[in-house]
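Only the coordinates and a few stated rules stand behind these numbers; no lab work does. A quick note: this is a predicted structure, and the numbers were derived from the prediction, not measured. Glycine also receives a Cβ, built like all others from the backbone with ideal geometry; neighbour counts cover every protein chain displayed.
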There are 2 protein chains.
Amino acid sequence: MELITLAHGSGGLESAKLINDLFLSYFNNDILCKQNDASLVNPIDGILAITTDSFVVNPLFFPGGDIGKLSICGTINDLCVSGATPLYITAGFIIEEGFNMCPLEKIVYSMAKTATLAKVKIIAGDTKVVEKGKCDGIYINTTGIGVIENYVLSHQFEIGDKIIVSGSIGDHGACIMSKRAMLAFDSSLKSDCAPLHAVTKAILNASANVRMMRDPTRGGLATTLNELLLNTDKSMMIYENLLPIKEEVRNFCDILGLDPLYVANEGKLICIVSDEDSDKVLEVMQKHSLSKDAVIIGEITADHSNKVYLKTSLGATKRLSMATGELLPRIC
Amino acid sequence: MELITLAHGSGGLESAKLINDLFLSYFNNDILCKQNDASLVNPIDGILAITTDSFVVNPLFFPGGDIGKLSICGTINDLCVSGATPLYITAGFIIEEGFNMCPLEKIVYSMAKTATLAKVKIIAGDTKVVEKGKCDGIYINTTGIGVIENYVLSHQFEIGDKIIVSGSIGDHGACIMSKRAMLAFDSSLKSDCAPLHAVTKAILNASANVRMMRDPTRGGLATTLNELLLNTDKSMMIYENLLPIKEEVRNFCDILGLDPLYVANEGKLICIVSDEDSDKVLEVMQKHSLSKDAVIIGEITADHSNKVYLKTSLGATKRLSMATGELLPRIC
């Protein structure tokens, strides 16, 4: 079985062979194959959206995806929820000496497949190899570049705006936690990891009154809702009985003492839209397979305390704060 | 002494505090401070140059620089030698649990200072924290975006074209090796780590017949020259007695049995230019402090073997191959 050696990251003949045999064979496109120090792309007409993310998920392979798929979805989704069409992605690999070429090829294949699905080109890359014990298999950084052709997100909330979530929450985080060696047990938990470019496009086509979109990854739904309130003077009311949570996710979280509202998602988005357009947006979302379970979970309220509140099933109102502490490390 | 914890990478309150107190305070600019999922930048008029690089250098601090300075210079230089003006940089941090906030702040300060010097904005970032022993202090990925306003690099060599190197070779790699714990001894070796934006700009202003530029990093001068010959039908002749190598670098390499021609540089460039413009280019380079020791080291020859040859001081001709094997791991 061929293993990654320090030589593969040293910039010499072995590096060149790895690039040619593996990366160029899967990521093949007209821009990358020129192998220049920097890749050149034609002028882009519009505002550019740029985002970067490093992926250190553990384990590397999990039901519903792997670090390769995740590294493309995570970055694409950050572009999409900003209202951009993803165009290009760069990929930086840090690999541990002794890593097996076979899972590496699987990861690279996942990246290529997901990028193709989302119609983005992987146009630049870099590989570093560190000594055994100085990394945990493989870490991947992806940086994405997209274009905003028609910017409509106002980032301004109005009282009565509806808060939509595109489907069940906590799936990714619960799946990853269930697969950690120490907790290994059988379950039907599956990551929701998916690229949301088609969903965001449909939403933006349906309404010119989308205030903001965001993918609730690290920190989960509750933390992301708090982030959305930053720099506003509004509050949110979320209704517990409207929250879509799969039974297996709820049960798993109960066992570990986790709150699904703080558990990461990798293929879900929150959309805040005007009251009058909310049904229209919900309808187009429900037509798309990745957001077929979309529901309205709450609304923007007149309360000026600038906080997220949860109306519980029992009718009580409690504050939903940002996550603190360790949460679930290395979930993405 | 404050230490990095897993909570700093979990996307909750501690992550937000780290971003606000450290990253935003040093990287402060109008784009980054909006803290969106993706950063939005105004349309760029021209061909875009995009490059990515991960930095895993060991040790993190060395004479002449640190991983922070290196992470900005490395990416800026890849843009510059492609003929682009660097505009934006993204920064992805992978930090080991228990890393001290004090060196982290030094590294972030170095990045900010170097970016300001090179007139680039750090517009997006990401921080992940991995458990103790799953990283070696800190790894940094930077992705750079530049614009090519006036593209002149032909990538086509003509017989007689001159090969210029901007100064002494092997400084960075020799410095890093000398500082590795196992080899620690006093020396005057210093990394050449520097951003080359002003040098490349001067070169491109001086001549419309620059064929290609490249920064000879991993693999050193010899490997980079071989890469430059890819997809051409020409050869190169390099003259050993013209190669600028500092005495301390030569002595240090002699002790370790290294060839300075294969040792990394981080503030040097190779420029291949038409014979008739070579004196003019050399002159503008020598006027700039970062390339004051620029010299012509060889030329493109009529030989169709597509190889790099070295004419030794004794008059023999030998082939200079690409580097193979481990070289110097984690030099950048």
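Relative to the dominant Cα principal axis of chain B, helix B:275-286 is inclined by about 40°.
With respect to chain B, whose longest principal axis is taken over its alpha-carbon atoms, helix B:247-256 is tilted by about 80°.
Based on the alpha-carbon set only, what is the convex hull volume of the protein assembly as shown divided per residue, in Å³? If you can, show how the numbers build up before the last one.
Working: hull volume 97.5 nm³, N = 664.
With only Cα atoms used, the protein assembly as shown gives 147 Å³ per residue.
Averaging the Cα positions of each part gives two centres, and for segment B:42-63 and segment A:225-287 these lie 36 Å apart. Straight-line cross-link partners of A:Lys287 among the aspartates and glutamates, defined as a Cα under 17 Å from its Cα and at least 8 positions apart when in the same chain: A:Asp277, A:Asp279.
Can you give the relative contact order of chain B as a percent, counting alpha carbon pairs under 8 Å and 6+ residues apart? Provide the component values of the computation, followed by the final result.
Details: 744 pairs, mean separation 75.3, N = 332.
Computed value for chain B: 23 percent relative contact order.
In terms of its C-alpha gyration tensor, chain A has an oblate overall shape, because the principal axis ratio a/c (a ≥ b ≥ c, square roots of the eigenvalues) is not below 1.5 and a/b does not outweigh b/c. Taking label positions 7 Å along the Cα-Cβ direction at both B:Leu117 and A:Lys119, the computed distance is 4.3 nm, reported to one decimal.
Can you compute the helix-only [θ] at 222 nm over chain A? Use -39500 (n - 2.57) per DSSP H run of at least 4 residues, normalise by all residues, nearest 500 deg cm²/dmol.
On the way: 8 runs with 86 residues, N = 332.
Computed mean residue ellipticity for chain A: -8000 deg cm²/dmol.
Evaluated at q = 0.10, 0.14, 0.17, 0.19 Å⁻¹, the base-10 log of the normalised Debye intensity for segment A:6-148, with identical point scatterers placed on the Cα atoms, takes the values -0.32, -0.63, -0.93, -1.14.
If the chain linking A:Glu247 and A:Arg319 were pulled fully straight, counting 0.36 nm for each residue of separation and taking away their Cα-Cα distance, it would gain 23.5 nm. For chain A, the longest principal axis of the Cα atoms and the long axis of helix A:101-117 meet at an angle of about 50 degrees. Using a cutoff of 8 angstrom between alpha carbon atoms and counting only pairs six or more residues apart, the relative contact order for segment B:162-320 works out to 42 percent. Here the simple spin-label model places points 7 Å from the Cα toward Cβ, and for B:Leu24 and B:Asn231 these points are separated by 4.3 nm. Beyond 31 Å in Cα-Cα separation lie the following of the pairs A:Lys113/A:Lys162; B:Lys128/B:Lys246; B:Lys119/B:Lys311; A:Lys121/B:Lys34; A:Lys17/A:Lys201; A:Lys34/B:Lys69: A:Lys113/A:Lys162; B:Lys128/B:Lys246; B:Lys119/B:Lys311; A:Lys17/A:Lys201. Rounded, prolate or oblate: which one fits segment A:162-320, using the alpha carbon gyration tensor with axes a ≥ b ≥ c (rounded when a/c is under 1.5, else prolate when a/b beats b/c, else oblate)? Because a/c hits 1.5 or more and a/b fails to exceed b/c, segment A:162-320 counts as oblate.
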